[in-house]
1. With a Förster radius of 25 Å, plug the Cβ-Cβ distance of Ser24 and Asp107 into 1/(1 + (r/R0)^6) and report the FRET value to the nearest 0.05.
2. What is the gain in length, in nm to one decimal, between Glu245 and Glu185 on full extension, counting 0.36 nm per residue of separation less the C-alpha to C-alpha distance?
3. Return the FRET efficiency for the residue pair Ala265, Glu35: r is the Cβ-Cβ distance, R0 is 25 Å, and the value is rounded to the nearest 0.05.
4. Name the residues whose placed amide hydrogens come within less than 5 Å of the amide hydrogen of Tyr48, ignoring near sequence neighbours (fewer than 5 apart) on the same chain.
5. Need the full-extension length gain, Asp141 to Leu290, defined as separation in residues times 0.36 nm minus the C-alpha distance. One decimal, nm.
6. Given labels modelled 7 Å from the Cα in the Cβ direction, how far is it in nm from Arg233 to Asp196?
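Values in this text are rule-based calculations from the coordinates and carry no lab data. Keep in mind that what you see is a predicted model, and the values were worked out from it rather than measured. Positions of Cβ are generated from backbone atoms using ideal geometry, with glycine treated the same way; all protein chains shown enter the neighbour counts.
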Amino acid sequence: MQDVSSLVTQAREGRPRAVARLISLVEGAAPQLREVMAALAPLAGNAYVVGLTGSPGVGKSTSTSALVTAYRRQGRRVGVLAVDPSSPFSGGALLGDRVRMSDHSSDPGVYIRSMATRGHLGGLAWSAPQAIRVLDAAGCDVILVETVGVGQSEVEIASQADTSVVLLAPGMGDGIQAAKAGILEIGDVYVVNKADRDGADSTARELNHMLSLGESRGPGDWRPPIVKTVASRGEGIDEVVEALEKHRAWMEERGVLAERRRARASQEVETIAVTALRRRIGDLHGDRRLSALAERIVAGELDPYTAADSLIEGLKQT
């Protein structure tokens, strides 16, 4: 087993095998995970994280690939996390997003990693925050995180990205209906892809109307732009990059970027702590203390909230 410090050094040098190994340690929650995160902490914090989300079929992978091309023209190193859903039967994933981005596979300035959700809801894999940190510490200037095809409420990407891009496409029934509720509230940039199809203009107009209905912005607040693209031909992608750079500049000027990153770190700490507590509580199944509390609840001697408080106190003392 290669030591963590050596892997981190090699990852900083841009060696893809070392980056892959570090992300595998993260995904597998390996015993070295704490050591990995401690080693990466002082090296991360420089990458611009862009999340891409939208309903299935809107062209997320094609758009991600086109954005990689645009950023590479600028000489930036790009990392891509493409999240695919896991099979409920085998636990595996097709990981087809990486296949669609095969044009960049031989580019040493691009690192593409497919990740399975492993049953985690919200459009991301549970280990995505740590994987983002690996790519950040490995020297990526931009990290593109492509979620699984999400519906109305699976909007976790908003809490993991500096800028969230919501993609829609015409000709997919009521595209706005499919994406409304939660997902229309998280976008910093909206992209109507496949704009060469009939209905692209009306989709953009309807999107603009729906965004204006929920507007409560003051002077100087960010107004999400709507960009029309044909990602398969690279059309409109430069305009998307321009919109992303404008949003980044706006966030930096007003301190929003730092605020979002603090919130992201806070949520990550909370998730790790809650996961650890759940694991400790899970270890109590069959434990005499839990059984005794359950018996008292059934007998009407104790309510479940008081029992839970008692359990928490017991955990503190162990």
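1. Details: r = 21 Å, r/R0 = 0.85.
For Ser24 and Asp107, the calculated efficiency is 0.70.
2. Details: separation 60, 0.36 × 60 = 21.60 nm, distance 2.02 nm.
Roughly 19.6 nm would be gained on extension.
3. Values: r = 19 Å, r/R0 = 0.76.
Plugging the Cβ-Cβ distance into 1/(1 + (r/R0)^6) gives 0.85.
4. Val142, Ile143
5. On the way: separation 149, 0.36 × 149 = 53.64 nm, distance 4.95 nm.
Roughly 48.7 nm would be gained on extension.
6. In this crude spin-label approximation the distance works out to 0.4 nm.
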